[in-house]
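One structure is given below, encoded as structure tokens.
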Amino acid sequence: MSHAYIDSYIEYLAVERSAPENTIAAYENDLNDFASWLDDHQLLIEHVQGNDLALYTSHCTRRKLKATSIGRRLSTIRQFYRFLLEEGLVGVDPTRDLSVPRRGKYLPEILSRDEVDRLLAAPDVSVPFGIRDKAMLELLYATGLRVTELVGLKMPNLNLHVGYLICRGKGDKERLVPMGEAARRWVEEYINMVRPSLVKSSSDVLFCSNRGSAMTRQNFWYMIKRYALKAGILKTISPHVLRHSFATHLLTGGADLRSVQMMLGHADISTTQIYTHVTVKRLKEVHEQYHPRG
């Protein structure tokens, strides 16, 4: 079971967080080492307590690991347990009193507005699945949803007349997010023209696979990679890149941080502030490129 939890977390990092490959590999190595220690001590991930982490830290010290390496491993474990807690897989976070040096945050990859336009134009809307894919991409960029939130949408979550949706996100918290006119029109066309031929009669799933069940986040990840390739986008792309782009483009356009926080469903505004760093970085690049004394 330990490795199943780790696999879920690694998938989350890759698909939803769009973490760099070297970061994912480091996290996986750290967690596998921790899982091996737990196996040796006949402990389950969901039963770990604070004193167990202290014993694991001592174990790492006896192996003569550098302080920075130990700090990184404990930081990985802390983030791992936060994920498990938010997913409802554990009832208590054993790392809550753990003191770990803070790690720097990497700036997220984003698409330019031109790249977003090319990506959204990539599906062939002359065929049914192209309409579905177009509706999903438009809605993802218009709302900044996480991919699990997007594929988990139900018909009752939508209010197409008013143009908003109700999303159930992390911690089972609900939030209301505007859809925007373009996304609303494409979702409406998909519901009217395509969904009836896909959906199983008893299902209220919004976006259906060719089997009539809800699309998985893995399938959507492959789909967006395929359309990025078709659009000639060379950046590493995932569904979370559109979420990053949504937030950055809103802030660049003048939206206030608190509103963006609410739409993204961030519990802490400091999480949203990473996007202000992205916009400042972009402004500096523009200044250096175009100012005569840049």
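Computed from the coordinates by the stated procedures, all read-outs in this text should not be read as laboratory data. Because the structure is a prediction, the values reported are computed rather than measured. Using ideal geometry, Cβ is built from the backbone for each residue, glycine included, and neighbour counts are taken over all protein chains shown.
Quick notes on this one:
- Selection count where residues are surrounded by fewer than 15 Cβ atoms within 10 Å (Cβ to Cβ) and among the charged types (D, E, K, R), scope the range 1-49: 5
- Within the range 228-265, the set of residues being out of contact with any Ser or Thr (no Cβ under 8 Å at 6 or more places or on another chain), hydroxyl-bearing (Ser, Thr, Tyr) and crowded, with 21+ Cβ neighbours inside 10 Å comprises just one member, SER245.
- Yes/no for VAL162 being closer than 27 Å to ARG211 by Cα, surrounded by fewer than 17 Cβ atoms within 10 Å (Cβ to Cβ) and of a type outside the set (Phe, Trp, Tyr): no
- Residue count, the range 250-267 (criterion: out of contact with any strand residue (DSSP E or B) (no Cβ under 7 Å at 6 or more places or on another chain), of a type in the set (A, V, I, L, M, F, W, C) and either part of a helix (DSSP H, G or I) or more than 19 Å from CYS167 (Cα to Cα) (or both)): 6
- Top-ranked residue in the range 120-155 [being touching an Asp or Glu at 6+ places or on another chain (Cβ under 7 Å) and under 24 Å from GLY88 (Cα atoms); ranked as surrounded by the most Cβ atoms within 10 Å (Cβ to Cβ)]: VAL147
- Any hit, the range 87-98, residues being of a type in the set (Ser, Thr, Tyr) and either in a helix (DSSP H, G or I) or surrounded by fewer than 16 Cβ atoms within 10 Å (Cβ to Cβ) (or both): no
- Within the range 117-197, helices (runs of 4 or more DSSP H) holding 1 or more residues that are within 23 Å of the chain's Cα centre (by Cα) and small (Gly, Ala, Ser): 128-143, 181-193
- Among the residues of the range 181-225, just one is under 13 Å from ASP133 (Cβ atoms), in contact (Cβ under 8 Å) with a residue 24 or more places away in the chain and among the polar types (S, T, N, Q), namely ASN210.
- Residues satisfying the stated conditions in the range 8-67, i.e. closer than 30 Å to GLN218 by Cα, in a helix (DSSP H, G or I) and among the hydroxyl-bearing types (Ser, Thr, Tyr): SER8, TYR9, TYR12, THR23, TYR27, SER36
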